[in-house]
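A short write-up of the structure that comes next.
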Amino acid sequence: MFAFIVSRLLQAIPVMLTVSLISFAMFAYVGDPVTIMLGQDYTEAQREALVRELGLDQPFFIQFIEFLHNAVQFEFGLSYRLARPVSDLILERMPATLELSFTAAFLALAIGVPMGVYTGLYRDSWLSRFFLTISLIGVSLPTFLIGILLILVFAVILGVLPSFGRGETVAIGWWTTGFLTVSGLRALILPSITLGLFQMTLIMRLVRSEMLEVLRTDYIKFARARGLSNRAVHFGHALKNTLVPVITITGLQLGAIIAFAIVTETVFQWPGMGLLFIQAVANADIPIMAAYLLLIALLFVIINLIVDLLYYAVDPRLRGGLRAAGGR
Amino acid sequence: MRVHLLAAAAAAALLGSIAHADARTVRWAASGDPNTMDPHSQNLGTVTMVLQQIYDALIMRDRNLGLQPGLATSWRQVEPTRWRFELRRGVRFHNGNDFNADDVVFSIQRALAPTSNYGIFVDTVAEVVKVDDHTVEIVTKIPDPILPNKFASVYIMDKEWSEANNVRQPQNTRAREETHTVRNTNGTGAYRLSIREPDVRTVLVRNDDWWGWKEPGNDGNVTEIIYRPITSDATRIAALLSGEVDFVLDPPLQDLERLRRAPGVTVLEGPEVRTIFFAMDVKRDELLYSNVKGKNPFKDLRVRQALYHAIDIEAIRSRVMRGNAIVTGTLFPPQVNGYSKEQDVRLPFNADRARALLAEAGYPQGFEVTLDCPNNRYINDEAICQAVAAMWTRVGVTTRLNAMPLANFFPKIQREDTSIYLLGWGVPTLDALYSIQSLLASKDGEPGNGIWNYGNYSNPRMDELTRIIKNEGDPEKRTAAIHEAMRIYREDVPHIPLHHQMIPWAMRSTVSIPHMANNQPYWRWAKVN
Amino acid sequence: MAAFAPARGLSRVFDSDLWWSFTRSPVVVVSAVVALTMILSALLAPWIAPHDPFNLATLDLLDAFTPPVWLEEGNWRFLLGTDDQGRDVLSTIMHGARISLFVGFASVLFSMTLGISLGLIAGYLGGTTDAVLMRIADIQLTFPSILVALLIDGLVRAMLPRELHDQIALWVVIFAIGISNWVQFARTVRGSTLVEKNKEYVMAARVIGLSPVRIMVSHVLPNVMGPVLVIATLNLGFAILAEATLSFLGVGVPPTQPSLGTLIRIGNDFLFSGEWWITLFPGITLAVMVLSVNLLGDWLRDALNPKLR
């Protein structure tokens, strides 16, 4: 077990190094922060002074070494655009993204699993067909379009839900939460549905096919033969067996959710890391871009490690097979 | 028991609402967020729109953008190179410190620091002298007739506070630590900063001790301002329509019609002091990104006139700008000192004339050219360029559009890596010198001359006129020089002017605020019902 | 001999059983017809589109914002109306669908080729090669492919000068989406290769000295064509969506070659101002296109997986 963890951690190093190099390549080549920082009116001397101050006149290799050295200490200097430490900015934004992502994941599970169970048990009912159709549409509509349509219907036409932002938040230490206020919860509804819809349909379809698979197995037939009630068979035996892959897939999908939060946060002006990242891209605010990429990579390595441990702990047989569905 | 608790809660809520009965909150949104709270670090509209609520200048703008006393009660030019300012007494900063001459000397020197972005407003200042606690003299390098105009953009900080918080210099981005002024302010203005969360919200509360509330005209009733940046056009408008925000500084033009029709929403229209134009490379011997080899068509006046004639400005005004533009034939709008109506005449739209001029210049088959254009800087900038590219292509000048974000656009044109580009030029000093010196003077090394003249237009008479406009104390002679410069501008066609921007503001009907041509809402003049 | 083998494999896929299941499901037939129509009209767009939206000389700004023909002020010249520059929306959709489909097909083809090759190599060679390739696959799977695509696009943007980038942007997007999806192909092919390679006929082929490449291509590959086709179809829907998302975020194909995603992004600005047709029609087209592809993929998967029937 310990050796397993160590080997996984070692494998993470080349990943992180590659991502660092990518981050740094952006750092070194994209956009021109100098012009943005100077505004419209300045002299050539001011410009050169700023280039020197930012160290942009140093050779590539020296800049990269310095970048790595600082990155290890989670030190990315000041954002070009906001003139604040990047680490502070990311810490401030992280709660918004994580709350949104976890709510979306929770919604996806809470709605997707029952729908999957139902469609698995009653394959031919009209409701099942309806669910399946909905899920297909959910997979076929791009996230941004869903978000725009939800805003149009619920904020502009009906005027019942907020169209942007997090509402009122409560600070608990450095963490800010929207869970504790009415406006915070209301603000969460549309973005989390938008973000969770794809995962919900994915989970529903996964649970459905797992249920179909399990219901065919001998031991379910045996359980029925023993005279157990349908209820006991379905929920005590069948569902229990489908949950392991569902939970691991959801874990892996958390990464996808955090990545897709970029799109949702853009549409809903949700003040999270994804919005910070996209605004950084638009303004060539490279310290933020670099830090975001590294942080996301780290987050995924950790999620992956946990999922691996779950595999290891729960069911060694599952290794390899189901991971393929974790793409997208 | 539960009933009691509820009753108590209701009573408390009621009391709370009574206590805030006088509270007038305005929720304000725009696409960009100020990137700092430092008053001398970033000379950008998105920064000053917040800072000018917090900081006062020696001289301030009135509702017509004229000058009125601010922290200085009077000023005069005692010698050609010496200005004397009498300072207002009894003014306090938000932290309670007294305002005096030391603060003025400190602030102007801070604006002169290398890390300052406000140098253009103090470029002629040689020395700042404290005469006594309430009198300051400014010694200039050359006679500077428009110094008061420039000083209306220089904010006054508290010397003691700045020294205590180690912000003697404007913020330095290379610093490992965040500068105190990035998120903290201490001005003398009508509002004080209460909460600053970059990109999320900025909250200002009324400073009841502001000296200006006693002055006539400052009759606003807003007690709290909540600013939120909303980048997405659609989301920003959705928020206004659904009542989540009260005021949108930059509603997209295409939504104005709907906003005008929406119940409870008011649209205020007005011009901005900013002119949109195309500038051409008139220096290079071979044009970049073109199929013309060995020569530069733009060096030929007839080609420049042909492109001018090819533009159907009325179509751009009505379709692209949806009527929200003031078509122009000159370099700056009427609010700017030196404007003359007679010179504001365009070369008419005439595609046949354009083709004839091209043929005359030796390009009967036209030629290819690449148009550089920002896509997130000016109102509908990319759409303007697309439309003009089609118009030029129709007269034979096949135009490839290269539209890009300002982060790529400005470095590109500043490398002069361009043949023709779209630019918008605002005039914060409201004086023609600012435009002529930056855009039309040759790059001769003099500070400020030709710093935005990336087409390298150069005319010795224009340079001569720039010198006169800079130094001439006699207003009449100075105006004559400006007019001559604008006559040459129209003859030489170094630019193809398009229009002055209009900047509609959209708000809930409960808000009333004077529209300002510098695109800055002055909340001290606003009323919320 | 070798040349016939894939054809035989394909014929096994399209055997009568499959055809029977196809004709039995009206939904599937409709999706197939819709998908085919879209592919055809996209392919033939330069010839059958009513206007050429990219010929600047034919654009007239005064045509801008014409509503669809059935509304007041509509105009038979522009069936679905025009956009802010006076371009015919129907024509831009046809050209946009062309770009979207091209990016979709090309990137799936790319990830398929890459995935099959790496899968075959990993499965056939085994040992260290297999371990390394599968570890890379594992690592890549931890990153959502949309982020991988964003990263690669950003990286290429960073490395190339802007002018050059605009010219090859389309290929960059194809590469970025393609490379983020090879893993599923590789895993499937590898699994099947592992099974096949120890079968007697492969052993025999090896004994008579056939080259490993030939063995893999002619013997192993045909057996995995079914699942590969299913993955490819499902991935096509994803690839089209990924391209639209990248373009919506403004990092996809250049605006000079607008895809459906770009059209939606541009039209989005006009959603509240009453000119809904500029964004709605490309949006519907995109959704219907992806939906029909997904329906076909679903059906194909169920049809080829007898357990679920």
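Before moving on, here are some points about what is shown:
- Normalised radius of gyration (Cα atoms, divided by 2.2 N^0.38 Å) for the range A:86-323: 1.14.
- The range B:413-529 gives an Rg/Rh value of 1.09, both radii derived from C-alpha positions and Rh following Kirkwood.
- Order of B:Tyr421, A:Tyr118 - criterion: other Cβ atoms within 10 Å of each residue's Cβ, fewest first: A:Tyr118, B:Tyr421
- Computed log10 I(q)/I(0) for chain B at 0.06, 0.09, 0.12 Å⁻¹: -0.33, -0.72, -1.21, from the Debye equation with unit scatterers placed on every C-alpha and solvent omitted.
- Separation in nanometres of the label points that stand 7 Å from Cα toward Cβ, at C:Val207 and B:Asp208: 10.2
- Estimated from the Cβ-Cβ distance and a Förster radius of 41 angstrom, the FRET efficiency linking B:Tyr289 and A:Val160 is about 0.20.
- When DSSP beta bridges are restricted to pairs lying wholly in chain B, around 75% turn out antiparallel.
- Fewest-first ordering of A:Ile65, B:Ile59, C:Ile208, B:Ile146 by other beta carbons within 10 Å of each residue's beta carbon gives C:Ile208, A:Ile65, B:Ile146, B:Ile59.
- Fewest-first sequence of C:Leu44, B:Leu498 by Cβ atoms within 10 Å of each Cβ: C:Leu44, B:Leu498
- Take each residue in B:197-206, count the other chain C-beta atoms within 10 Å of its C-beta, and the mean is 4.
- For the pair the range C:35-114 and the range B:27-55, the centres of their Cα atoms are 42 angstrom apart.
- Model label sites at B:Glu178 and A:Ala3, defined 7 Å from Cα along the beta-carbon direction, differ in position by 4.8 nm.
- When both bridge partners sit in the protein assembly as shown, DSSP labels roughly 80% of those beta bridges antiparallel.
- Calculated mean residue ellipticity at 222 nm for the protein assembly as shown: -16500 deg cm²/dmol, from DSSP H runs with n ≥ 4 weighted as -39500 (n - 2.57), summed, divided by the residue count and rounded to 500.
- Placing a pseudo-label 7 Å from each Cα along the Cα-to-Cβ vector at A:Glu66 and B:Ala351 gives an inter-label distance of 5.6 nm.
- When the range B:194-288 is reduced to its Cα atoms, the Kirkwood hydrodynamic radius in Å: 17.5
- Residue-averaged beta-carbon neighbours from other chains (10 angstrom radius) around A:133-143: 6
- Between the Cα long axis of helix A:182-215 and the first principal axis of chain A there is an angle of about 50°, rounded to the nearest 10.
- Computed FRET value (nearest 0.05) for C:Val132 with B:Lys299, which takes r as the C-beta separation and R₀ as 60 Å: 0.50
- Computed over chain C, Cα set: Rg, Dmax in Å: 22.6, 77
- Cα-Cα P(r), the range B:411-473, percent of pairs per 10 Å interval: 22, 52, 24, 2
- Degrees between helix B:381-394 axis and first principal axis of chain B (Cα, 0 to 90, nearest 10): 10
- Among C:190-201, B:517-528, A:200-211, sorting by the average number of other beta carbon atoms lying within 10 angstrom of each residue, highest first, gives A:200-211, B:517-528, C:190-201.
- The Rg/Rh ratio of the range B:331-433, with Rg taken over Cα atoms and Rh as the Kirkwood radius over Cα pairs, comes to 1.02.
- Candidate membrane-span-like segments in chain C, meaning DSSP H helices with Cα atoms spread over at least 27 Å of their own axis and a Kyte-Doolittle mean of -0.5 or above, are C:89-125, C:221-248, C:277-304, with no membrane implied.
- Fraction in percent of alpha-carbon pairs per bin - 10 Å, the range B:171-241: 17, 33, 31, 19, 1
- When every Cα-Cα distance of the range B:34-99 is counted in 5 angstrom steps from zero, the calculated P(r) takes the values 4, 14, 18, 21, 21, 16, 6, 1 percent.
- Structure note, pairs B:Lys341/B:Lys443; B:Lys443/B:Lys470; B:Lys283/B:Lys443; B:Lys141/B:Lys443: Cα-Cα distances above 18 angstrom occur for B:Lys341/B:Lys443; B:Lys141/B:Lys443.
- Diffusion coefficient of the range B:132-202 by Stokes-Einstein, Kirkwood radius over Cα pairs, 20 °C, 1.002 mPa s: 141 µm²/s.
- Sorting the segments B:116-125, B:184-193, A:6-15 by their residues' average number of neighbouring beta-carbon atoms within 10 angstrom, most packed first, yields B:184-193, B:116-125, A:6-15.
- The range A:254-283 and the range B:222-288: distance between their alpha carbon centers, rounded to Å: 23
- Computed extension length for C:Leu71-C:Arg24: 13.0 nm, one decimal, from 0.36 nm per residue of separation with the Cα-Cα distance subtracted.
- Global dimensions of the protein assembly as shown from alpha-carbon coordinates: Rg and Dmax equal 32.8, 109 Å.
- Per residue of A:102-108, other chain Cβ atoms within 10 Å of the residue Cβ number 0 on average.
- Acute angle (nearest 10 degrees) that the helix A:44-54 long axis makes with the longest principal axis of chain A, alpha-carbon atoms: 50
Readers should treat all values here as calculations from the given coordinates under stated rules, not as data from a laboratory. Every value quoted in this text rests on a predicted model; they were computed, and no experiment measured them. Cβ coordinates were reconstructed from backbone atoms using ideal geometry, including for glycine residues, and neighbour counts include every protein chain displayed.
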